[in-house]
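The values are calculated or read from the model by the stated rules, or taken from the named source; none is laboratory data. As the structure is a computational prediction, the values presented were derived from the model and not from experiment. Note that each Cβ is placed from the backbone with ideal geometry, even for glycine, and that neighbours are counted across all protein chains shown.
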């Protein structure tokens with residue numbers, strides 16, 4: 001028979017043969033001994049240490065586990081995508097359901113996204129970088145690009161030894177911003193494109209200078225006619241200096 005391997009929910013390797021599941025019972029220097037996951041079943045398989053079939057006793061005392069295997073395979077693909085991508089977990093679940101083309105019997109026993117969510121979130125958190133406690137940290141490449149692999153982190157610079165500025169945007173978004181007549185600035189927006197370390201004049205000057213530099217690279221004139229923002233004395237002063245004649 002053809003054998004394959006899947007992982008249990010705890011990450012342990014399981015062997016699949018003829019729609020039955022086997023767990024590892026014992027390992028020697030040359031052989032791995034597998035037994036059916038149903039404790040009352042005496043079916044056994046021997047493989048070498050590289051996973052090649054050596055011997056099989058495939059007489060089971062229970063029906064095959066086709067649907068259970070399909071659920072385990074689905075769960076493994078779901079988990080791997082959640083760990084390796086930043087795609088929202090509910091979206092991954094829906095996409096994998098559509099791709100899997102599961103039978104009605106398998107769909108009936110498939111846990112919902114909410115039922116799987118806790119374990120999947122735990123696996124994702126284990127692979128996610130810890131929150132840094134200083135300004136000196138590396139940003140993993142997946143966090144600098146979009147799901148379509150477009151550059152998203154456009155500025156990552158140290159203003160001073162302990163102050164860092166991050167600017168996120170797509171090329172098309174930059175064109176819209178830099179070519180706009182009216183700009184709205186507010187920290188309460190759902191999406192924030194600029195992460196600033198403070199609200200000091202030097203920081204705002206640095207941000208606007210970076211945007212002007214990007215505008216030159218894109219052959220655009222960053223000259224808004226109107227800027228709306230909260231009442232921040234430092235920002236008001238900087239806008240007046242950076243954009244002479246602008247309505248603020």
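Observations, loosely collected:
- Selection status of residue 106, at pLDDT below 90, under 26 Å from residue 123 (Cβ atoms) and surrounded by 12 or more Cβ atoms within 10 Å (Cβ to Cβ): no
- Number of positions in segment 209-239 that are more than 17 Å from residue 177 (Cα to Cα) and surrounded by 13 or more Cβ atoms within 10 Å (Cβ to Cβ): 6
- Qualifying residue in segment 8-19 (condition: touching a helix residue (DSSP H, G or I) at 6+ places or on another chain (Cβ under 9 Å), over 30 Å from residue 145 (Cα atoms), in contact (Cβ under 8 Å) with a residue 60 or more places away in the chain and surrounded by 13 or more Cβ atoms within 10 Å (Cβ to Cβ)): yes
- Evaluated against (1) closer than 30 Å to residue 78 by Cα; (2) loosely packed, with under 10 Cβ neighbours inside 10 Å; (3) touching a residue at least 24 places away in the same chain (Cβ under 8 Å), residue 186 falls short on exactly one condition, (1).
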